[in-house]
């Protein structure tokens, strides 16, 4: 039997983790959206 892998699914992809990108991510998560934030720097 072949096992299927699930691919990640996002409602919103945000490019840029600055102030506006993080604000957008914050409010999108309050609406239960699945988000991905892409930034050129590694903060964590």
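Every number here is computed from the coordinates shown, using simple stated rules; none is lab data. Model, not experiment: these values are computed from the prediction. Here Cβ is always computed from backbone atoms with ideal geometry, including for glycine, and neighbour counts include all displayed protein chains.
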Check your understanding: Inside the stretch 5-23, can you point out the residues that are surrounded by 11 or more Cβ atoms within 10 Å (Cβ to Cβ), in contact with a strand residue (DSSP E or B) (Cβ under 6 Å, 6 or more places away or on another chain) and not in a loop (DSSP other than H, G, I, E, B)?
Key -> 12, 14, 21
Review point. Restricted to the stretch 24-36, and to residues that are closer than 9 Å to residue 14 by Cβ and in contact (Cβ under 8 Å) with a residue 24 or more places away in the chain, which residue is surrounded by the fewest Cβ atoms within 10 Å (Cβ to Cβ)?
Key: 36
